[in-house]
1. Normalised by the residues of the chain, what does the relative contact order come to in percent, with Cα pairs under 8 Å and at least six apart?
2. Quick one: which of 155-167, 90-102 comes out on top by average Cβ neighbours within 10 Å, and what's the full order, highest first?
3. Would you please put 64-73, 342-351, 206-215 in order of how densely packed they are, using the mean number of other Cβ atoms within 10 angstrom per residue and starting with the highest?
4. Rounded to the nearest percent, how much of the accessible area of the chain (1.4 Å probe, protein heavy atoms only) is carbon and sulfur?
5. Using all Cα-Cα distances in the stretch 37-276, what percent lands in each 10 angstrom bin from 0 up to the longest?
6. Given the pairs 146/195; 146/285; 158/227; 148/227; 193/283; 146/337, which are separated by over 24 angstrom at their Cα positions?
7. Looking at (1) 19.8; (2) 39.7; (3) 29.7, which value of mean projected area of the Cα convex hull in nm² comes from a calculation on the structure shown?
8. For the charge dipole of the chain, defined by +1 on Lys and Arg C-beta atoms and -1 on Asp and Glu C-beta atoms about the Cα centroid, which residue among 303, 210, 151 has the Cα displaced farthest towards the positive pole?
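The values are calculated or read from the model by the stated rules, or taken from the named source; none is laboratory data. Everything numeric in this text was worked out from a predicted model, so none of it was measured. Note that we place each Cβ from the backbone using ideal geometry, even for glycine, and neighbour counts take in every protein chain shown. With ligands, DNA and RNA removed, areas are computed over all heavy atoms of the protein, side chains included. Shrake-Rupley method; radii C 1.70, N 1.55, O 1.52, S 1.80 Å.
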Amino acid sequence: MRLITVLFTALAMLLNFAVPVFGSPDKVPVPELSSEGAILIDITTGQTLFAKNPDHPFEPASTTKIMSALIALEKGNLNDLVTAGPSVLDQELTQGTRIYLEPGEQVTLENLLYALLLNSANDAAVAIAEHIGGDIQGFTDLMNAKAKEIGALNTSFKNPSGLSADGHLTTARDLAMIARFAYQNPVFRDYVKTKTKIIPRNRENIPTEMYNINEFIWTEPTVTGMKTGYTSSAGNTYVATAERDGRALLGVVLKSPSKTSIYTDMRKLFEYGFTNFENVVYKPKGTALSSLMVGDTPVNLILTDEIIHTREIGSTAPPDISLHVLPIASELKEVRKDQVLTSVQTVEEDRVLNSFALMADSSVIPPQPSSESKKSLNWVAPISLILLLFLYMVYRRVSYLRRHRNIERKMTAGRYRDRDLF
């Protein structure tokens, strides 16, 4: 029944939305979206291809679960047996989509993540949070710390599910950074592209089939996953990734007026990004980007990998990114060829997009003593010791003779004086 519903939804979208299909050979205009906030980035380069109110704060709704899953994968073990606590019955924490966990029920972390990312189960989010963080606050502290580490500085999480809460906010740009980071995790990618998964449970008449509610996973071959969301105050939200012709794009739409509009807007974003832009080599592997002095010898710092940038097809304008070579912490006395010494960052405005290692193109090694010199040096210490001992003995002998002469002189002088008295 669910599959039939999805197919009818997809058919309605194709019939009712006058938007180009993926793969159009002609350029498309800058998209007009009904969502209040949106962004499109190239996953490889991190560059922004389109943005609408990208830094305005919005509620993320269940796209929050992208970060929740990321923390669970980094801090937990998929084989962990998670025991649900009393909080899974707390309506303030779990209202909305649930898999009806009961206190004491045990499910592996692996299977709870299917419930979290496919069904968007809020009680699964609570059980995961308490297992990993000890309690909800401990887990959200981990989420917020990770957001800051990623660079999502305008994001504040208050719970692991995305239910509306005072101060639970993000931006389209921040959410794109978080999703791009999560995309680098291959286990996460496997989860969000899964269509259905049966999870074992020890009770009857409760959900066991985890069903991916991201409709594009079912209808669009290029879409590789991510997460939808909805609350009455957040509106409809959506993060999605798509791959085509060797490129990967990531889109975010926030506060969209309807469930249908998130897919309409995302389709426009992907079509615009794939059709109008291309990735080209900016700096080839082996390019010298800086140099340093090692003693009196200059050493070039060269790229260990090529730097790619995204540009509009046909554009000859300079790249919209800059390069920042990180300084080397201390003065080097020697280096080896191919030794990684520092890195270079690609920067868009004031945001770091990527980092690439820089290595030495040559070796600089101070001259070492030859084997003959080393053998000679091995005799220096004992010879010096013998010489010092000899000099000490000479000194003792000279001192003895000097004292002896002085005594004889005094005795002689005293003898003559005694004789002169008579």
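1. Computed over the chain, the figure is 16 percent.
2. The peptides rank, most packed first, as 155-167, 90-102.
3. 64-73, 206-215, 342-351
4. Its accessible area is 55 percent carbon and sulfur atoms.
5. That works out to 8, 36, 37, 16, 3, 0, in percent per bin.
6. With Cα atoms farther than 24 Å apart: 146/195; 146/285; 193/283; 146/337.
7. Correct label, based on the coordinates given: (2).
8. The Cα lying farthest towards the positive end belongs to 303.
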